[in-house]
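Report on the following structure.
The values are calculated or read from the model by the stated rules, or taken from the named source; none is laboratory data. All of these numbers come straight from a predicted model, not from anything done at the bench. In this analysis, Cβ positions are derived from the backbone assuming ideal geometry, glycine residues included, and neighbour counts consider all displayed protein chains.
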Number of protein chains: 2
Amino acid sequence: MDKQTRFDLPESALPRAWYNINADLPSPLAPPRHPQTGAPVTPEFLEVLMPRALIAQDAASAAEIEIPEPVREVYKLWRPTPLLRARRLEAALETPAHIYYKYEGVSPVGSHKPNTAVAQAFYLEDEGGRAFTTETGAGQWGSALSMACQFFGLGCEVYMVRVSYEQKPFRRFVMESYGGSVYPSPSPRTAAGRALLERDPDHPGSLGIAISEAIEMAAGSGGAKKYSAGSFLPHVLLHQTVIGLEALQQMDLAGEYPDVVIGCAGGGSNFGGIAFPFVRENLRHGRRTRIVAAEPSACPTLTRGVYAWDYADGAGMAPIIRMHTLGHGFVPPGIHAGGLRYHGMAPQVSALLDAGLVEAVAIDQLDCFEAGVLFGRAEGILPAPESNHAVRAAIDEALAAKAAGEKRVILFNLSGHGNFDMAAYGRYMAGELERYDYPAEAVAAAMRELPEITDGD
Amino acid sequence: MDKQTRFDLPESALPRAWYNINADLPSPLAPPRHPQTGAPVTPEFLEVLMPRALIAQDAASAAEIEIPEPVREVYKLWRPTPLLRARRLEAALETPAHIYYKYEGVSPVGSHKPNTAVAQAFYLEDEGGRAFTTETGAGQWGSALSMACQFFGLGCEVYMVRVSYEQKPFRRFVMESYGGSVYPSPSPRTAAGRALLERDPDHPGSLGIAISEAIEMAAGSGGAKKYSAGSFLPHVLLHQTVIGLEALQQMDLAGEYPDVVIGCAGGGSNFGGIAFPFVRENLRHGRRTRIVAAEPSACPTLTRGVYAWDYADGAGMAPIIRMHTLGHGFVPPGIHAGGLRYHGMAPQVSALLDAGLVEAVAIDQLDCFEAGVLFGRAEGILPAPESNHAVRAAIDEALAAKAAGEKRVILFNLSGHGNFDMAAYGRYMAGELERYDYPAEAVAAAMRELPEITDGD
């Protein structure tokens, strides 16, 4: 057993309930505000956009929420996911630290995203819905939702940032293979899209525009379509806790308990997924595990943003949320970790950071790719650029342990593989990737546009 | 247990020995012949090219060959691989058949290829070697060998068909991330390459040319470099039997035994990997499982080729082998299952087919992609175009069982995922893929060029 590498769970160990961190937050989440009036939004406002079950989960206070059996049946196609001890990486670093990684890249689309996509599709079908609309950048989230909708007999309408639609067709083919309908955004299908195309027929699009189009299509569908979010919202993070709940069991199998738990953080869902069950252990059972969110230095929401009210989207049309933000008008540099280029942070993660229950580090993309290549050469898997932020943070922890001459048990979430990101690796190896300074001026400008909401603050 | 989907093995169940089918062949394999003299080749001739341990394995007669512990340690990065019951596919087909698939796509490079790459790298390092040379088409095998060489501190020199090198750079970036050196073939590094480049500086290359360059570089290196083959040779198939040996245990967990075992067949290594342990059960324990090789109708080596002596490479420079062949000069149409475009077939598989111990079916690529999309929409994974041949054959078996109104237990090897093949899926969905008739004239022409070897036949 001394040299055991894998700590696999049998199918029977697949969790039967998600963990809802609302039950353990220092104070309840402030409810979202209406983007025009600034007043707390009503469930009726949200029900136009989203399945009722998901709205209820966002506000639920029970610590455990049962995973519906049809969702568990689909999870079994790739779950429980592996947890491995990175013995070869430890040897390469010559560190006394023990490094464990939870690997979500074994899902059919190669990331953690289906954990929530499948749940959302189940609830929509359960409520008699027929289709989801959503946005996607390079296509990671759109792939997961297209697959999930196919599994539950639902339509899936994906607004894909036009520049990615044209330059990165491979994820589009994945979505279309699953039966998803993919439209380059801005598209002529929405008022928002048409307005932009009139001004510039070759508009490259942005994630914020794609969100606006997906929401407009759902809102105007008379209930035929609902909108699905791939990160940020409490129900998304809830569904992702299956990662951490499995990892808790697997660390038990390994006979160790982590001193540090690490996830990369963009909207916050894979970080919340691995971290929240360990936060609960800290809060309820006196554990003192450090919980670390690794974010890009080019979009340092947690380390440089403010905890304030801000629009969830870029255009100021989505609800206003209390969260860590760089300003909804902030457009980060074009780093390759597209999934981490969001101006805000999940409200639950924001609240935990504000309460000092989690910490954050910001990492440059060059350091991330260096870590990814090192990891791949030791452990085989070439991680997604997003996941490389967690890899880098884990390596830095292991090197710190080495410098201190102490054993340290490190667990990180390897949220996905880099099979669809090899162009970025190619650019890294060719020396074409840039190091980015903190975009201070862009952040300062965006901060001046924060909405003013004072009550209930 | 009734609804169990996954039949995962613990790390401790990872096999400790490969199965060597030489022990159970109806008659010993005819030794390879020298390409110039036609005489049986000596070990000394082969030792210039390959590690001694691998040459010995090709001729070994023991039924079990121990897997070295350092190889098992690397296998644990992704093995044992999953075996799943495709319950959702069964439901989609409304078949009484039980369909199981062994999934090799969880390896870091997404296919079964590392099973032998890791073993070969171990033996080369063990014998004091420093580097491998090899050829690759789209990069599947080159990725596996680059990773394996990195793990054992060896150099890896990959000759990649130029048209793929230029048009499909992503697998090249994978190889380079692992530290492999990738050269477009034909290259100016070899006499063979220079001769072709002189005639046509823009020569697109071919797998046959790349093989010649890799062999030339090894042969002329004074022992510094050896040549590595990714399929076809007995030691490659030996290493791949870890697939079937795990599957045997996993079918036990499922409480069933397959009536049919299916693998796709190009050079024969993933087919041999899943099939040989079940062939042994047939021969030694009176099982009557049908063993089916699924090959492309555009390159129908087993179903339309002859069992004869032929060169292992396209140029007539590699040893002459007794095998099923379409003629070494046969160039198949440009189907997307690049890994199945080989004129010959592994001598062990050829011998089994000749003895009636395995059977073969030929399938058109359009039917394969249709099966792949159906599989992906039911089970999530979008398979590699090569693997789709096995998927199609399994679906056809399940439909035949439905037509006959009988339960049938089907096991197939899902040898890899299609993440790097989505352009082919895109072309399939756009209706751009062709159906190919049997290339009768090209085969007939190639057959006229078979070498004449009569003794020992």
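Of all the residues in the range A:153-192, those that are farther than 25 Å from B:His417 by Cβ, surrounded by fewer than 21 Cβ atoms within 10 Å (Cβ to Cβ) and of a type outside the set (D, E, K, R) number 5.
Scanning the range A:327-363 for residues being crowded, with 24+ Cβ neighbours inside 10 Å and in a strand (DSSP E or B) gives a total of 2. Regarding A:Ala294, is this residue within 22 Å of A:Arg435 (Cα to Cα) and surrounded by 22 or more Cβ atoms within 10 Å (Cβ to Cβ)? Against the criterion (within 22 Å of A:Arg435 (Cα to Cα) and surrounded by 22 or more Cβ atoms within 10 Å (Cβ to Cβ)), A:Ala294 qualifies. I'd like the full set of residues that are within 13 Å of chain A (Cβ to nearest Cβ) and modelled with pLDDT of 95 or more, limited to the range B:116-139. Result: B:Ala117, B:Val118, B:Ala121. For the range B:6-54, filtered to residues that are within 14 Å of chain A (Cβ to nearest Cβ) and buried (at least 18 other Cβ atoms within 10 Å of the Cβ), the residue that is nearest to the chain's Cα centre (by Cα) is B:Leu14.
Only residues that are within 7 Å of chain A (Cβ to nearest Cβ) and either touching a Leu at 6+ places or on another chain (Cβ under 8 Å) or among the hydrophobic types (A, V, I, L, M, F, W, C) (or both): list them for the range B:366-382, please. Give the derivation first.
Applying the first criterion (within 7 Å of chain A (Cβ to nearest Cβ)) to the range B:366-382 yields B:373, B:376-377, B:379-382.
Result: B:Val373, B:Gly376, B:Glu379, B:Gly380, B:Ile381, B:Leu382.
When the range A:315-326 is filtered for residues that are surrounded by 24 or more Cβ atoms within 10 Å (Cβ to Cβ) and in a loop (DSSP other than H, G, I, E, B), only A:Leu326 remains. The residue of the range A:77-88 that is farthest from B:Arg6 (Cα to Cα), among those that are hydrophobic (A, V, I, L, M, F, W, C) and within 11 Å of chain B (Cβ to nearest Cβ), is A:Ala86.
Check the range B:248-261 and report whether any residue there is modelled with pLDDT of 95 or more, part of a loop (DSSP other than H, G, I, E, B), in contact with a helix residue (DSSP H, G or I) (Cβ under 9 Å, 6 or more places away or on another chain) and surrounded by fewer than 23 Cβ atoms within 10 Å (Cβ to Cβ). Yes. Would you confirm, using the coordinates I've provided, whether A:Val74 is within 12 Å of chain B (Cβ to nearest Cβ), assigned to a helix (DSSP H, G or I) and over 24 Å from A:Leu253 (Cα atoms)? Here the answer is yes, as A:Val74 does meet what is asked. As for the range B:378-395, it holds at least one residue that is surrounded by 21 or more Cβ atoms within 10 Å (Cβ to Cβ), outside the structural domain of B:Ala219 (by TED's automatic domain parsing) and on the phi > 0 side of the Ramachandran plot. Summed over the range A:172-220, the residues that are of a type in the set (Gly, Ala, Ser), free of Cβ contacts under 8 Å to residues at least 60 places away in the same chain and not in a helix (DSSP H, G or I) give a count of 7. Considering the conditions (1) away from chain A (no Cβ under 14 Å); (2) loosely packed, with under 14 Cβ neighbours inside 10 Å, B:Glu432 is excluded by exactly one of them, (1).
What is the residue count in the range A:209-242 for residues that are more than 20 Å from A:Ala60 (Cα to Cα) and either of a type in the set (Val, Ile, Thr) or within 14 Å of the chain's Cα centre (by Cα) (or both)? Total meeting the criteria: 3.
Residues of the range A:140-193 that are over 21 Å from the mean Cα position of the chain (by Cα), away from chain B (no Cβ under 13 Å) and within 17 Å of A:Ala218 (Cβ to Cβ): A:Gly155, A:Tyr183, A:Ser185, A:Pro186, A:Ser187, A:Arg189, A:Thr190, A:Ala191, A:Ala192, A:Gly193.
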